[in-house]
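Written out below as structure tokens is the structure these notes cover.
Please treat every number below as a calculation from the coordinates, not as lab data. If you're wondering where the values come from, they're calculated on a predicted model, not measured in any experiment. In this analysis, Cβ positions are derived from the backbone assuming ideal geometry, glycine residues included, and neighbour counts consider all displayed protein chains.
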Amino acid sequence: MTKRRPEGYIKGRPLKPESLMMTYGYKPELSEGSLKCPIFQTSTFVFKSAEEGKAFFEIAYGLREQGPKEELGLIYSRLNNPDLEILEDRLCLWDGADSAAVFESGMAAISTLAFEFLRPGTVVLHSEPIYGGTEYFFRHILPRYGIKAVGFPAGADEKALEKAARAAGRVAMIFVETPSNPTNKLVDIRACAHVAKKLSTKENRVTVAVDNTFLGPLWQHPLKLGADFVLYSATKFIGGHSDVIAGVCLGGAEDMKRVRTLRTFLGTLSGPWNGWLLLRSLETLKLRMTCQMKNAQKVADFLADHPKVEKVYYLGHLEEGSAQRKVYERQCLAPGSMISFDIKGGEKQAFKFLNSLELFSLAVSLGGTESLAEHPGTMTHSDVPPADQARMGITPKMVRLSIGVENPEDLIADLTQALDSV
């Protein structure tokens, strides 16, 4: 019988995440030798004995501490499921997290985290702009539970961030989206961690949560920069094929135990079919994101030189020596594949451009294999008041692009003919 290697290593050499995405956390011998993890489409699991069932529930409901060599067995698919457990193990590898929790959507991940770590009378201090759904949840839903949301500009330095935090009230969480959607402004994650540490007391710990959706698990690792949590809309790059809705939250073991417990009782755990789809997608994550990033560099360069484009918002074009460039060099590994730009004119010209695209699809979302284009001011961020949009830099002339894996010359050809029509 062939001796299996210790998982994650070959002769003591640690394997890279892209290699481990094929096998990590899965034992074929437990599934009739199936090369790929099957879909465990079941609501409940059979215990070997009543004693085993008792032990599993004691751990799952926190009635006692889990033993050092004791594993939490399978109980019910609202609590755990093999597809999701393997997926969570593999997601931890990219971010260097202790633990991960998969949700039905990115908003399910954000809301579950918020309800666990925020209390009535506390404040969530968040960067601006952020995804429209998150903005609405913070501004309109959390206040119903006595939780206040206060914003600060994404490009703020540590001094300005601390000033905003001290003026906001009893801050319990600093929530940032970096780069910001749709302006691609960076938030200094280390600065947020420093401010959170200064504000924390024995009675009030301030956590830092980072929505890392725009750069995905490849190009930025917030936990290594001092964040307590990293969140993703797994619908985007992690899923990567525009065919699944899911979310992820990752962090330290003790913090994530709290998140997973609340997830159980809110019922926001994702299902086995989604888990299987995401396991499939993780195998090609690096290939897809690398191709998309390289394509985006070519597209951004083209747009920057086009006479009908007023300004390009792209991490690869940050001015040398600028504050934003310094943040980028400290915390990002690549510029990603999201581009926004201002077309000369206004909404009329932006709409004419969008309506003329042929290869790009006119749709919201991002991070899929196909290239997408949308108008943030009237689509993804339409619920943000016009005055706030203007303050955040979201103008009627702004267009957002998510670059896919198509041939970059074909993408540029489509952008060329659409711009010609304006």
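A few notes on this one:
- For the stretch 340-370 versus the stretch 21-58, the gap between their alpha-carbon centres in whole angstrom: 45 Å
- Cβ crowding within 10 Å, taken as a proxy for footprinting-reagent exposure, orders Trp273, Trp219 from fewest neighbours to most as Trp273, Trp219.
- Once the chain from Asp243 to Thr284 is taken as fully extended at 0.36 nm per residue, the excess over their C-alpha distance is 13.2 nm.
- Beta bridges per DSSP, both residues in the stretch 102-251: antiparallel share near 30 percent.
- Full extension of the segment from Lys48 to Thr369, taken as 0.36 nm per residue of separation minus the current Cα-Cα distance, would add 111.2 nm.
- The chain - mean residue ellipticity at 222 nm from DSSP helices (-39,500 (n - 2.57) per run, n ≥ 4, rounded to 500): -11000 deg cm²/dmol
- Pairs with C-alpha atoms separated by more than 22 Å, drawn from the list Lys16/Lys69; Lys236/Lys294; Lys148/Lys197; Lys311/Lys348; Lys352/Lys397; Lys148/Lys236, are Lys16/Lys69; Lys148/Lys236.
- Gaussian network model of the chain, springs between alpha carbon atoms under 10 Å - residue of Gly252, Gly106, Gly155 with greatest fluctuation: Gly252
- Label point 7 Å beyond Cα of Lys308 along Cβ direction - residues of the stretch 179-220 with amide nitrogen under 20 Å: none
- Taking Cα atoms only, the orientation of helix 285-304 departs from the longest principal axis of the chain by about 10 degrees.
- C-alpha long axis of helix 408-420 to longest principal axis of the chain, angle in °: 40 degrees
- Inter-label distance, Arg330 to Lys198: 1.3 nm, where each label sits 7 Å from its Cα along the C-beta direction.
- Here the Karplus relation 6.51 cos²θ - 1.76 cosθ + 1.60, evaluated at θ = phi - 60°, turns the backbone of the stretch 270-275 into coupling constants of 6, x, x, 5, 4, x Hz, with x for every Gly and Pro.
- With the gyration tensor restricted to C-alpha atoms of the chain, the semi-axes of the equivalent ellipsoid amount to 37, 27, 19 Å, longest first.
- Label-to-label distance for Leu63 and Glu319 is 6.4 nm, based on points extended 7 Å past Cα in the beta-carbon direction.
- Environment charge at Val384 (Cβ cut-off 11 Å; Lys +1, Arg +1, Asp -1, Glu -1): -2
- Using the Karplus relation 6.51 cos²θ - 1.76 cosθ + 1.60 with θ = phi - 60°, the per-residue 3J(HN,Hα) values for the stretch 346-354 come to x, 4, 4, 5, 5, 5, 4, 4, 4 Hz, with x marking Gly and Pro.
- Three-way shape call for the stretch 200-337 based on the alpha-carbon gyration tensor, with the a/c threshold at 1.5: oblate
- Scalar couplings 3J(HN,Hα) for the stretch 182-191, obtained by applying the Karplus form with A = 6.51, B = -1.76, C = 1.60 to θ = phi - 60°, are x, 8, 6, 7, 8, 10, 6, 5, 4, 4 Hz; x denotes Gly and Pro.
- Residues with amide H under 5 Å from that of Tyr313, placed H, sequence gap 5 or more: Ser340, Phe341, Asp342
- Under 5 Å, built H, 5+ apart or other chain: amide partners of Met173: Val123, Leu125, Thr207
- Loop-located trypsin sites (Lys or Arg not before Pro) in the stretch 1-67, at most 11 other Cβ atoms within 10 Å (DSSP): Lys3, Arg4, Lys11, Lys48, Arg64
- For the pair His140 and Glu70, the difference between a 0.36 nm per residue extended length and the Cα-Cα distance amounts to 20.9 nm.
- Amide hydrogen proximity for Asp211: with H placed 1.01 Å from N in the peptide plane, the residues at 5 or more positions away or on another chain lying under 5 Å are Val176, Glu177, Thr178, Leu231.
- Degrees separating the helix 106-117 axis from the principal Cα axis of the chain, which is the longest one: 70 degrees
- Euclidean distance of C-alpha centroids, the stretch 59-125 and the stretch 129-161, integer Å: 24 Å
- Square roots of 5 times each gyration tensor eigenvalue, C-alpha, the stretch 102-251, largest first, Å: 23, 17, 14
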